[in-house]
Amino acid sequence: MPKPLVKSGAEIDGYTIGECVHAGGMATLWTVTHPGIDVPLLMKIPRVSEGEDPAAIVSFEMEMMILPRLAGPHVPTCFGTGDFAHQAYAVIERIPGTTLYKRLPDLPLPYEEARQQVAKIATALADLHRQNVIHHDIKPSSIMFRDSGEAVLIDYGLSHHDHLPDLLQAEFRLPYGTAPYMAPERLLGVRDDPRSDLFSLGVLLYFFTTGERPFGEGETLRAMRRRLWRDPYPPRSLRADYPPWLQEVVLRCIEIDPAWRYPTASQLAFDLSHPDQVKLTTRSERMKRDPLSVAWRRRFNQGVMQPRAKADVAAQIASSPILAVALDTVEGAPELNEALRVTTERILATLPSARLACVNVLKLNRIAIDKTLDEQGSNKHIDRLVALRHWATPLKLDESRLSVHVLEAVDPAAALLEFAEVNQVDHLIIGARQGSFRRTLLGSVSAKVASEAACTVTVVRPPRMAAAKPGAGVVWG
Amino acid sequence: MLLAVFSDIHGNRQAFEACLKLARAKGAERFVLLGDFVGYGADPEWVVDTAMELVAQGAVAVRGNHDEAVNSTTETMNNEAQIAIEWTRGRLDVAQRRFLAELPMLVDETERLYVHSEASSPQRWHYVRTTADAAKSLISTPAHVTFCGHIHRPALYSMSVTAKMTGLVPKTDVSVPLLRGRQWLAVLGSVGQPRDGDPSAAFVLFDTVSCEITYCRAPYDIETAASRIRENGLPPWLADRLSQGR
C-alpha cells in the first residue's frame, strides 16, 4: 500500500490540499478546494500505515461505501472518494461550527434547550434510518448543527447499511464503538437494530440533562456488560426538579430490551416535540434504581436478550409509522367522522407499533382578532381537544400511541401540511368535504393536502347514499 | 463498461429473453454467460443458439454441470434432472453439442474470474452455501471479483486482506460498490429456474469502472415457459416450481 502523499499544497484527483484541521486516531481531516465546487470542503484521510489500528481501514471502507449513498440536510454531502489502490480519501462538505462535544463543560443544560436539541437529533436519525443506515456511534462528537437549525450526523465509520455488506460485523469479535453510549444488544453482536441508535441518544439526553453518564465511563467489556442487567439511577433521583415527562422519555430510550424503547426515531422526535402529550408510566415515577434482587434476576435470566432473527431496518420502520387523522369535530358530518374512524381502525389494525395523532384545525379569522372563548364562553381550544379524544376512544389505543392536537390557523390545508412535515407523519387520513356550495366557496382542503403532502394521504368519504345519483348536483370531495 | 452476467438459464427461453431485453435497456455492453444453458427447460435449442450468437459477438461463456452432462453419461444427477438432460440430449444437434462440449471451465480476465460453480475446483461442481465455501473459492484466485452461479440463490461475499469474511443477500436494484483492497465473490441467482423464493429471472450488472454490482430481476412469461415443459412431457414439477421460485 503506498504511503500517504498528503501535505499542504499537494493535489489529489483535482483537490488541492489546504491545512490539517484535525488529527484523530483513525483519520486526519484537511481543508481542500476544487475548481467548480464553491462550498467549503474537508478531505478525510484514513491512517493506514503499518502499526495503525486495522479498524481504521475497515471503518474507512464502510464510510466510503455509505457516505456517497446518503442524501439530505442531516448528513454531510459527499463529493468524492478515492480507494485504497491509490490514496484513500473521502471529500465531504465542511459543516461550519463545532460538534456538541464542545458543550460538555456547560452540562447539565437547561431542560428546554436539551429537549429542542435532542428532538432535532432524533429527526436527523429518523432521516438516516429511512435511508437504511444505522449510525452506531451517536455521541456528542458525532453531532453538529447547521446554521439553519438541522442536526447533522457525521462519522459513518462504524455504521451499518442494510443493503451493503457489513464489513465490521466480520472484522471484530468485540463490539467496536464508544463505550458509554453503546446499546446493550451491541455487546451481544447485534448490528442491525436501528433502536441501538435510540439507546445512544437516550444516553446523550440523560447526560446532557443531568451532567452524569447513566452507565459511567467504563471501557472494559465487564463494565460495559453491566448495562445488560443493571438499570441507571433515574434522573429524578439526581435532580429534584427533573420533569417526569423527560424522565419517561429518557428511560424509555435506554430500556435494556430494544422492544421496550421507542419503535422509531420519528416517534421519539414526536414525543420530544409534544412533551405535554407524553404518556407517563411508572418510568416517570421512579425515584431509585431497581432493587438488587430484580437486577440479579435480569442478570441471570437473560432470555429476552437471546440472539434473534435478522431484522430488516426498512421493514421495522415501516411497521411503526406516525399516522395523523384530520378531523372536523365541529362541522364535520357524523357519517364522515364515522367513516374516518373505520378507515383509521383498519389501518391501525395492521400496524401494532403505529402511533396516531388526531388533528383539528381551529380556523382563525383573517382580519378580526379572534376570541379564545366562544359565544357560550367556553374555551374553544379545550373543547376541541376533548372532542378529539372522544372521537378516538372507540379505537381503544394505548395512551402512549395516541395524541390530540388543535392547530390554530387561517389556512387549514397549509396548517395540516406543516403539521405532517414537522412531525414526520407517514400517512395522513382526511375526510373529503361534501356539499358543492361550501366546497366551491372554500376550496377543497383534502385536495390541496392530497396533492401537496410529502406523505401518503388517504381521502375518506362516507358510504355512498342511495339517493345521491351521479350528476345530481352533489359534488364529492 | 457495463457487463451483464447470466447464469443457469436452463433452457428457459422466456426468462432469458426477458433478461437480455432488460439488460440491454439498462445499457449492458458486454455479456457473460456462466453456464448451465440447458437442462430443466423446454427450449434448449433456442437458448444454445442464442448463446452461440452472443459468443460470436464477443460474449464470454463457461461450462456448467448440465452442459457437461449432455455430452457425458458419467455425470450423475437427481432423477428429474436426469430425465430432463436425456430429453435435451435428443434435441440438440451436433454443432450445439460441440459448442457445449468446448466451453471452458473458467475464464480468467485477471481482474475478474468467471466460473460456473466456484473457483477452487471447478470440475467438482461444489456449491457455495456458506462463507466458508466462499472463502475456499476466494483464496484460490487473486481476481478482484469472481462471478459464479450453480446454486440458484443470489449472494455476495467479500474477503479482506486479513481473510475476514462477510456475506450479504443482495437487494434487488441496489448497487453495491465492490471496494478494491478486498476480494469479492458474486454468486448469481438463476435466469431460468430461480430458487430463492422470487420467481422472476435473476441476473447481474457490473460496472467495470466504478466496480459497482447490481443484482437485477426480470419478470417474464412463466405460464408459457411452464406449459412448454408440460407439453414436452418433462417432469411436471419442473414446470410447477417456476411460479414458486424454488
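Since every read-out is calculated from the coordinates, none of them should be taken as a lab result. None of these values were measured; they are calculated from a predicted model. Here Cβ is always computed from backbone atoms with ideal geometry, including for glycine, and neighbour counts include all displayed protein chains.
A few comments on the model shown:
- The mean sequence separation of alpha-carbon pairs under 8 Å and at least six residues apart, normalised by the residue count of chain A, gives a relative contact order of 10 percent.
- Rounded, prolate or oblate (a/c below 1.5 giving rounded, otherwise prolate when a/b exceeds b/c) for segment A:184-290 by Cα gyration tensor: oblate
- Within straight-line cross-link reach of residue A:288, aspartates and glutamates at Cα separation under 18 Å, skipping those fewer than 8 residues along the same chain: A:212, A:231, A:241, A:248, A:255
- For chain A, adding -39500 (n - 2.57) for each run of n ≥ 4 DSSP H residues and dividing by the number of residues yields -9500 deg cm²/dmol at 222 nm.
- Segment B:131-153-segment A:119-155 distance, computed between alpha-carbon centres (Å): 37 Å
- Couplings for segment B:161-167, taken from phi via the Karplus curve 6.51 cos²θ - 1.76 cosθ + 1.60 with θ = phi - 60°, read 4, 9, 6, 7, 9, 9, x Hz in order; Gly and Pro are left as x.
- Calculated FRET efficiency for the pair residue B:224/residue A:94, C-beta based, R₀ 41 Å, to 0.05: 0.10
- Residue separation of residue A:13 and residue A:456 scaled by 0.36 nm, minus their Cα-Cα distance, works out to 155.2 nm of gained length.
- Prolate/oblate/rounded label for segment B:1-135 (Cα gyration tensor, a/c 1.5): oblate
- Shape call, chain A: gyration tensor on alpha carbons, a/c limit 1.5: prolate
- Chain B: angle of helix B:44-56 to the longest principal axis, Cα-based, in degrees nearest 10: 40 degrees
- Partner aspartates and glutamates whose Cα lies under 12 Å from the Cα of residue A:7, excluding those fewer than 8 positions away in the same chain, are identified as A:19.
- Fraction of beta bridges assigned by DSSP in segment B:47-169 that are antiparallel (%, nearest 5): 70 percent
- Whole-Hz couplings from phi, Karplus 6.51/-1.76/1.60, listed for segment A:411-421; x for Gly and Pro: 10, x, 4, 5, 5, 5, 4, 5, 4, 5, 5
- Nearest 10 degrees, 0 to 90: helix B:222-231 Cα axis against chain B principal axis: 40 degrees
- In the frame of its principal axes, segment B:69-128 has Cα extents of 39, 27, 15 Å, reported largest first.
- Rounded to 5, percent antiparallel among DSSP beta bridges of chain A: 55 percent
- For the cross-link pairs A:363/A:448; A:120/A:279; B:136/B:164; A:44/B:171, the ones whose C-alpha atoms lie over 18 Å apart are A:120/A:279; A:44/B:171.
- In chain B, the longest principal axis of the Cα atoms and the axis of helix B:13-25 are about 40 degrees apart.
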